[in-house]
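Down below is the structure, laid out as C-alpha cells.
What follows is calculated from the coordinates using simple rules that are stated; it is not laboratory data. As the structure is a computational prediction, the values presented were derived from the model and not from experiment. Positions of Cβ are generated from backbone atoms using ideal geometry, with glycine treated the same way; all protein chains shown enter the neighbour counts.
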Amino acid sequence: MILDKLKLIFAVYQWKKHFKYDDDLVPPNERIFCGQADTDNFKEHGQVYVERFIRHCHLKPNEKILEVGCGIGRIAIPLAQYLKTGSYEGFDIVPHGIEWCQQKVATRYSNFNFQLADIYNKAYNPNGKFSASEYRFPYQNESFDFIFLTSIFTHMLPNDVENYLSEIERVLKKGGRCFITFFLWNEKTGKLVTHQKRKNKLTFQNDFGQYHLQDRSTPEIAIAYEEKFVKESYKKYNLSYY
C-alpha cells in the first residue's frame, strides 16, 4: 500500500514536471463555456482535475476512460499528455465544443475520440432532439476502467440523472471507478447558504424535495441535490458512495 501511494505521488510529480500547454489546443475566451471564460482558469482547472484523478482515483496511463460532458476539452487536453497507452472517449451536447475537440485534440491524439450527443437541455442545447432521461450511451457494456463527470449533474433533473447513473453502471467495468461532482445539499450546506445569502451567487431557494433549483424558469442553470437522494441513487445502481 505504501509503495502504491509513493508510485502515485511520483506519477503526479512527473506529470506536472513535464506538462506544457500547446496554445493551439486552448480555445479562445469567447468559445469557453465551462467554468470561467478565461484561458488561465481553463488551464488551471484542467490540470487540477487530472491531478485528482491520478492521486485519488488511481488513474493509470493505460486505462480506458469515458468523460460524460467533455465540454470544449478542458480536462481532455491535459489528460492527453498523461494517457499514453490507454484510450479516451468523450461526448457532449454543445456542438461547437465537440467540433473544437475533434479538430484540435483528436487529430493530434489518435487515442482520443469525441462525439456529439444531441440531447435537449433548456440552458445548453435548447434545440436538442433527444431526452437525457432516455439517452443510451453509445458504448458497449463494461467498456471503461474510469468514468468522470464534472459539473454535469449540476445541470440535470432527477430522471436524467438516474438514467445516466444506470448507463454508467452498464458501461463501467466491474471494479471500475467513477468521479462525479454535485452541488450537494444537506443540513450543513443549507445553513451556510442561509447564513451567507448575500455573499452567495447560488442560493438554491426553490425547494423541490429531492433537489433545489437556482432558477425555476430555467432549471438546468444550476441544481443542488439532497445528499440522501444521491446516496440512494448510487445504491440503486450498484455504485459505492465515497
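What the Cα atoms of the stretch 118-175 give is an Rg and a Dmax of 12.0, 37 Å. Ordered by the count of other Cβ atoms within 10 Å of each Cβ, fewest first, 208, 229 give 208, 229. Checking the a/c ratio against 1.5 first, then a/b against b/c, what shape does the Cα gyration tensor give for the chain? Note, shape of the chain comes out rounded.
Most fluctuating residue of 28, 78, 158 in a GNM of the chain with Cα springs under 10 Å: which is it? Comparing 28, 78, 158 in the GNM, the peak value goes to 28. With the chain treated as a Gaussian network of Cα nodes joined by springs under 10 Å, which of 71, 209, 46 yields the largest mean-square fluctuation? Highest fluctuation of the listed residues: 209. Can you give me the relative contact order of the chain as a percent, contacts being Cα pairs under 8 Å and 6 or more apart? Once normalised by length, the contact order is 14 percent.
Starting from the Cα of residue 201, draw a straight line to each of the aspartates and glutamates and keep only those under 12 Å, dropping any in the same chain fewer than 8 residues away. Partners within reach: 215. Step through the table entries 84/129; 191/231; 20/104; 122/188; 191/236; 188/236, compare each Cα-Cα distance with 27 Å, and write down the pairs that go over it. Distance filter (> 27 Å) returns 84/129; 122/188; 191/236.
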